[in-house]
Amino acid sequence: MPLKLYELVGADPSRPFSPYCWRIRMALAHKGLAAETIPWCFTEKSAIAPHGSEKVPVLLDGERAVVDSWTIANYLEDAYPDRPSLFGGDGGRAMGRMLNWWGDGVIGGISSLIIADIPLNLKPEDAAYFRKSREARFGKPLEEIMASRDKAVEGFRKSLDPLRLTLRTQHFLGGTAAN
Ligand SMILES: N[C@@H](CCC(=O)N[C@@H](CS)C(=O)NCC(=O)O)C(=O)O
């Protein structure tokens, strides 16, 4: 049975925009696995609730549902060992775990730089949900969060230093080749 992946989309169903879903698209590509996309919008909670999640990505492999990008990456690695490895062994998996958490923080940093632009690309009901849930989380209007973008972008760039400095001396995080 083909793999299926719920992926976050806005008004344009052909443009998945969640970095968490992109991680799984990249993992599937690395493993050479095809997966049918199931476009998913913020307010379609009932579609993924039976799979035990309120968020995407959600991967369906036959009857089995796997939730959370890091968990899905580990699942793909272990369920498809004959395919190219995502981690290249225990050391790579351990480093991947660290990068996963580091990436989550960096992604959090991006969201405050673009947050008021996101509803402009959503369907009206999703835009209303997004604004309400994010304004409750941040305690202020989206436009106010983004008002400090010029200053915040400097901090964001600084947060990329570990990557920038590493990639000055090696082509890939894994060394001379991707791991
Ligand atoms: N830790 C999760 C985070 C997934 C996540 O936050 N997904 C967002 C899309 S980028 C989502 O589905 N949000 C639904 C919502 O905010 O209601 C993972 O790595 O998969």
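Computed quantities for the displayed model
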read-out	value
Condition met for Val56 (touching a strand residue (DSSP E or B) at 6+ places or on another chain (Cβ under 6 Å), outside any helix (DSSP H, G or I) and closer than 28 Å to Phe156 by Cβ)	yes
Enumeration of residues in region 146-164 that are within 17 Å of Gly105 (Cβ to Cβ) and not polar (S, T, N, Q)	Ala152, Val153, Glu154, Gly155, Phe156, Arg157, Lys158, Leu160, Asp161, Pro162, Leu163, Arg164
Search result, residues across region 71-95 that are more than 13 Å from the ligand (Cβ to nearest atom) and either β-branched (Val, Ile, Thr) or touching a Leu at 6+ places or on another chain (Cβ under 9 Å) (or both)	Leu76, Glu77, Tyr80, Arg83, Leu86, Gly92, Arg93, Met95
Of the criteria (1) near the ligand (Cβ under 10 Å from one of its atoms); (2) closer than 21 Å to Ala178 by Cβ; (3) aromatic (Phe, Trp, Tyr), which one Phe17 fails	(2)
Options Thr43, Thr37; residue that is in the same structural domain as Tyr20 (by TED's automatic domain parsing), in a loop (DSSP other than H, G, I, E, B) and more than 22 Å from Gly155 (Cα to Cα)	Thr43
Number of the exception - Pro13 against (1) within 23 Å of Trp101 (Cβ to Cβ); (2) assigned to a loop (DSSP other than H, G, I, E, B); (3) without any contact (Cβ under 8 Å) to a residue 40 or more places away in the chain	(1)
Residues (part of a helix (DSSP H, G or I) and of a type in the set (Val, Ile, Thr)) located in region 107-123	Ile107, Ile110, Ile114, Ile118
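The values are calculated or read from the model by the stated rules, or taken from the named source; none is laboratory data. None of the values given here were measured: they were computed from a predicted structure. Virtual Cβ from ideal backbone geometry, glycine too; neighbours counted across all protein chains shown.
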